[in-house]
Amino acid sequence: MDRTAPSEGANAGSIPAESTMQEKVWEREYRSKKMLSPSNVPHADVVRFAKWYKKRERQIDREFDFDRVTILDLGSGTGRNAFYFAERGAKAIGYEISDTALSYARSFASDAGLSITYEKRSIGEQFALPDASIDIILDITSSNSLSDSERAVYLAETHRVLKPNGILLVRALSKEADKHAKELIARFPGPDEDTYIHPDLGVTEKVFTKESFTKTYGDHFSFIDLERIEHYATVAGRKYKRQYWLAYLAKN
Ligand SMILES: C[S@@+](CC[C@H](N)C(=O)[O-])C[C@H]1O[C@@H](n2cnc3c(N)ncnc32)[C@H](O)[C@@H]1O
């Protein structure tokens with residue numbers, strides 16, 4: 001399903017000053033569609049994760065289904081992954097910084113008659129949610145663009161709002177085996193370690209070695225699974241072979 005861009009200023013909200021630059025670049029990206037196109041088709045890694053999660057829960061309770069689950073989608077974009085869980089009965093919440101992305105996401109949900117809560121919020125700020133209230137948190141290539149200080153808040157908040165047996169699914173850019181990441185860091189360095197400012201998108205992105213990834217998440221979470229995945233990303237019409245970490249994380 002494709003969409004035309006909603007009007008300027010739709011769903012405007014307020015986000016902290018530290019995030020306004022990120023808001024501008026992501027907003028520009030959703031309008032120019034250099035990398036992202038509006039879609040409600042879920043990410044393949046999310047579909048695979050959902051199958052794993054359902055199997056895990058059914059080992060405990062054969063009657064388990066997603067209508068018992070609350071999911072929080074961080075950097076929900078046009079809502080494709082929150083939509084997938086909501087279609088299966090889950091209560092879904094999406095936090096997103098771009099008005100245009102939010103507008104697409106709300107429109108996909110309302111066309112399908114789904115009630116999904118999309119809020120304009122930075123995922124590098126405190127989450128407006130009670131402690132231990134979420135079963136599944138999705139971070140599908142979203143927290144890569146946080147600063148290190150925002151990441152500390154994101155880590156504490158994901159840990160706080162996750163239920164004791166909850167799962168955080170993280171897909172994040174890898175530095176390892178990724179020649180583009182190394183070249184981007186060398187040519188367009190960003191403010192924090194292992195970051196670059198993408199020359200086509202203007203987005204600041206952080207990449208992780210296996211060591212830095214496990215160190216970043218290891219204080220708050222234990223690793224159920226961690227794999228490195230190769231994937232072709234298309235930016236401004238050009239294809240790049242990129243490497244990603246995909247982690248299934250349990251709350252410590
Ligand atoms: C690569 S896209 C992935 C979108 C979505 N997770 C998906 O799988 O389709 C990264 C998303 O994170 C959002 N984002 C970036 N920084 C953010 C922040 N500080 N707070 C909330 N959303 C943010 C961007 O606007 C964008 O929608």
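The values are calculated or read from the model by the stated rules, or taken from the named source; none is laboratory data. Note that the structure is a prediction, hence the values are computed from the model and not measured. Virtual Cβ from ideal backbone geometry, glycine too; neighbours counted across all protein chains shown. Just the protein is used for accessible areas: all its heavy atoms, side chains included, with ligands, DNA and RNA removed. Shrake-Rupley method; radii C 1.70, N 1.55, O 1.52, S 1.80 Å.
Observations, loosely collected:
- Subset of region 180-204 (residues that are open to solvent by 50 Å² or more (accessible area, probe 1.4 Å) and within 21 Å of Thr216 (Cβ to Cβ)): Lys182, Pro189, Pro191, Glu193, Ile197
- Of the residues making up region 78-95, none is open to solvent by 30 Å² or more (accessible area, probe 1.4 Å) and within 17 Å of Tyr248 (Cβ to Cβ).
- For Leu129, the test of being modelled with pLDDT of 95 or more and within 19 Å of Trp245 (Cα to Cα) is failed.
- Selection status of Glu57, more than 9 Å from the ligand (Cβ to nearest atom) and at pLDDT below 70: no
- Summed over region 107-119, residues that are under 14 Å from Thr78 (Cβ atoms), outside any loop (DSSP other than H, G, I, E, B) and open to solvent by 20 Å² or more (accessible area, probe 1.4 Å) total 3.
- Selected residue (criterion: farthest from the chain's Cα centre (by Cα)) from residues of region 150-187 that are within 12 Å of the ligand (Cβ to nearest atom) and among the β-branched types (Val, Ile, Thr): Val153
- One residue alone among Ala132, Ala105, Ala92 is away from the ligand (no atom under 12 Å from the Cβ), among the aliphatic types (A, V, I, L, M) and touching a Ser or Thr at 6+ places or on another chain (Cβ under 9 Å), and that residue is Ala92.
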